[in-house]
Amino acid sequence: MKKIHTQNAPAAVGPYSQAVVTGGLVYTSGQIALDPATGELVGDTIAEQAEQVMKNLVAVLEEAGTKPENAVKTLCFLTDINDFAAFNEVYAKYFTEKPARSCVGVASLPKGAICEVEVIATV
């Protein structure tokens, strides 16, 4: 198992890796809309936060040697399920190959984020 770390995505805010690679797959930890340079939350709207989440995921996937087009499954968390359509607009720009996905509404996310996404992709 190989642990993935890149300076182009936020450092983990707990005792975990940004991602791990094993068995030809990369499993990312959930990404929220943190600026990698400052560790501060970016944006107030679902579109702004989702865009930063996707940038963070792309950075982690690239460090692992893959890209969003190779995603086989994503798991998305929204603090307001009414943001589903606006979230999908941003998500669709990055996950063009339409991987399997779950999207659930949750009560809260770390640091006051309003969305979080994790990915499983082939390497």
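Values in this text are rule-based calculations from the coordinates and carry no lab data. Every value quoted in this text rests on a predicted model; they were computed, and no experiment measured them. Cβ placement follows ideal geometry from the backbone for every residue including glycine, while neighbour counts extend to all protein chains displayed.
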query = Taking strands (runs of 3 or more DSSP E) that fall entirely within region 1-104, which contain at least 2 residues that are crowded, with 19+ Cβ neighbours inside 10 Å, of a type outside the set (Asp, Glu) and in contact with a Pro (Cβ under 8 Å, 6 or more places away or on another chain)?
reply = 71-78
inquiry  = Looking at the structure I just gave you, is Gln7 over 19 Å from Leu75 (Cα atoms), without any contact (Cβ under 8 Å) to a residue 40 or more places away in the chain, of a type outside the set (Gly, Ala, Ser) and out of contact with any helix residue (DSSP H, G or I) (no Cβ under 8 Å at 6 or more places or on another chain)?
reply    = yes
remark   = Only one of Ser102, Ser108 is out of contact with any Cys (no Cβ under 9 Å at 6 or more places or on another chain) and over 24 Å from Gln7 (Cα atoms), namely Ser108
note = Considering residues that are of a type outside the set (A, V, I, L, M, F, W, C) and in contact with a Leu (Cβ under 8 Å, 6 or more places away or on another chain), the number found within region 36-60 is 4
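Somewhere in region 110-118, is a residue surrounded by 15 or more Cβ atoms within 10 Å (Cβ to Cβ), in contact (Cβ under 8 Å) with a residue 60 or more places away in the chain, within 25 Å of Ala11 (Cβ to Cβ) and among the small types (Gly, Ala, Ser)?
Yes, region 110-118 has at least one match.
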